[in-house]
Amino acid sequence: MASRDVSREQAIIGSKSDRVSRMIVDYDTRESFRNPQRAIGPAALEISHYTARLYLTSLPPGQAIEDWISRNF
């Protein structure tokens, strides 16, 4: 499950897990994902109810961003 708060050059991406995990976000400006960037997010821990939030900054203004959120247990 993911939610987004997007502004002109940044996005906040959140996720929830059912156990301790690390949030990993791959993103690209193309739907084809030919040149994705990877951002390693924080750990989703019991103290945060297994939620994690990642701030992506310096995004190219005016472009759609495709993303894929995964987790590492």
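The values are calculated or read from the model by the stated rules, or taken from the named source; none is laboratory data. Just so it is clear, the structure is predicted and the values come from calculations on it, not from any experiment. Because the Cβ atoms are built from the backbone with ideal geometry, glycine has one as well, and the counts that use them run over all protein chains shown. Areas reflect the complete protein model, heavy atoms only, side chains present, ligands, DNA and RNA absent. Shrake-Rupley method; radii C 1.70, N 1.55, O 1.52, S 1.80 Å.
Points worth noting:
- Carbon + sulfur, % of accessible area of region 20-71 - ligands and nucleic acids excluded, 1.4 Å: 48
- Charge tally around Thr29: other residues with Cβ under 12 Å, Lys/Arg +1 each, Asp/Glu -1 each, net -2.
- In Hz, Karplus ³J(HN,Hα) per residue of region 34-46 (6.51, -1.76, 1.60; θ = phi - 60°; x = Gly, Pro): 6, 9, x, 9, 10, 10, 8, x, x, 7, 8, 10, 4
- Size of electric dipole in the chain: Cβ of Lys, Arg +1 and of Asp, Glu -1, about Cα centre, debye, nearest 20: 140
- Built amide H within the under 5 Å cut-off of Ser21, gap 5+: Ala44
- Of Glu9, Glu46, Glu31, the order by accessible heavy-atom surface (1.4 Å probe, DNA, RNA and ligands excluded), from most exposed downward, is Glu31, Glu46, Glu9.
- Total formal charge among the other residues, if their Cβ is under 15 angstrom from that of Ala44, Lys/Arg +1 and Asp/Glu -1: +3
- Unit charges at the beta carbon, dipole of the chain: most positive-side option, Gly14, Ser58, Ala44: Ala44
- Surface accessible to a 1.4 Å probe, Tyr50 within the full protein complex, Å²: 60
- Among Gly14, Gly41, Gly62: highest mean-square fluctuation, GNM of the chain, C-alpha pairs under 10 Å: Gly62
- Simple label model, 7 Å out from Cα along Cβ direction - Thr51 to Asn72, nm: 2.4
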